[in-house]
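There's a structure below that I have some questions on.
Every number here is computed from the coordinates shown, using simple stated rules; none is lab data. In this text, all values refer to a predicted model and were calculated from it rather than measured experimentally. Please note: Cβ atoms are built from the backbone with ideal geometry, for glycine as well, and neighbour counts cover all protein chains shown.
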Amino acid sequence: MDYLGVTVAVKSKQFAVRIIKFSKFLNEEKREYIISKQIFRSGTSIGANVRESKNAQSDIDFIHKLSIALKEADETAYWLELLFESDIIDKIEYDSLNNDLKEIIAMLTSTIKTMKNKIKK
């Protein structure tokens, strides 16, 4: 069931690598350990679920796996907002990660919508 374009798979993996490095920065430079673990988990889970969707057993399973990736992306956005609003990260750091995340969310939303429409036909 590989309906994904290469873009969302590549983008979500690149984002996961950024999140790993970002979590390391939060730990080492900001001494922030709790949210760092949360954003590490949710931010890397996006790409893992996108990857897992490549082996979906049906269109519905495919949608389900991408929906989990979308939920993880939304959770990651929440942690980013908390880090920014509590002045742990600055606007440049926030905007850089958040812009990538918005792009991934848009791609996931579009793919899920397209697949749901395909199933209805």
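Hey, got the dipole for the chain? About the Cα centre, +1 on K and R Cβ, -1 on D and E Cβ, debye to the nearest 20?
On the way: 20 positive and 18 negative charges, 132 e Å.
Charge dipole, the chain, about its Cα centre: 640 debye, nearest 20.
Ordered by packing density, taken as the mean number of other Cβ atoms within 10 Å over each peptide's residues, highest first, how do 29-35, 7-13 rank?
On the way: 29-35: 12.0, 7-13: 18.3.
With the highest mean Cβ count within 10 Å placed first, the list reads 7-13, 29-35.
Grab the alpha carbons of region 72-121, take their convex hull, and tell me the volume per residue in Å³. Let's see the in-between values first.
Working: hull volume 2.7 nm³, N = 50.
Dividing the Cα hull volume of region 72-121 by its residue count gives 55 Å³.
A further question on this structure: Can you work out the base-10 log of I(q)/I(0) for region 6-120 at q = 0.15, 0.16, 0.21, 0.24 1/Å, using the Debye formula on its C-alpha atoms alone?
For region 6-120, the Cα-only Debye profile gives -0.62, -0.69, -1.06, -1.30.
Each label point is 7 Å from the Cα along the Cα-to-Cβ direction; what then is the distance between the points at Lys30 and Lys91, in nm?
About 1.7 nm, to one decimal.
Setting aside same-chain residues fewer than 8 positions from Lys21, which lysines have a Cα under 16 Å from its Cα?
Lys11, Lys13, Lys30, Lys37
Also: What number, rounded to the nearest 500 deg cm²/dmol, is the helix-based mean residue ellipticity at 222 nm of the chain, given -39500 (n - 2.57) per DSSP H run of at least four residues and division by all its residues?
Values: 4 runs with 100 residues, N = 121.
The helix-only estimate for the chain comes to -29500 deg cm²/dmol at 222 nm.
Continuing with this model, one more query. Stretch Lys21-Asp59 to full length: gain in nm at 0.36 nm per residue minus the Cα-Cα span?
Additional length available on full extension: 10.3 nm.
Which residue, chosen from Phe62, Ser110, Ile92, occupies the Cα position most advanced towards the positive end of the dipole of the chain, where the dipole is computed from +1 (Lys, Arg) and -1 (Asp, Glu) charges on Cβ about the Cα centre?
Toward the positive end, the furthest listed residue is Phe62.
Measure out, as a whole number of angstrom, how far apart the alpha-carbon centroids of region 53-121 and region 28-49 sit.
Cα centres, region 53-121 to region 28-49: 15 Å.
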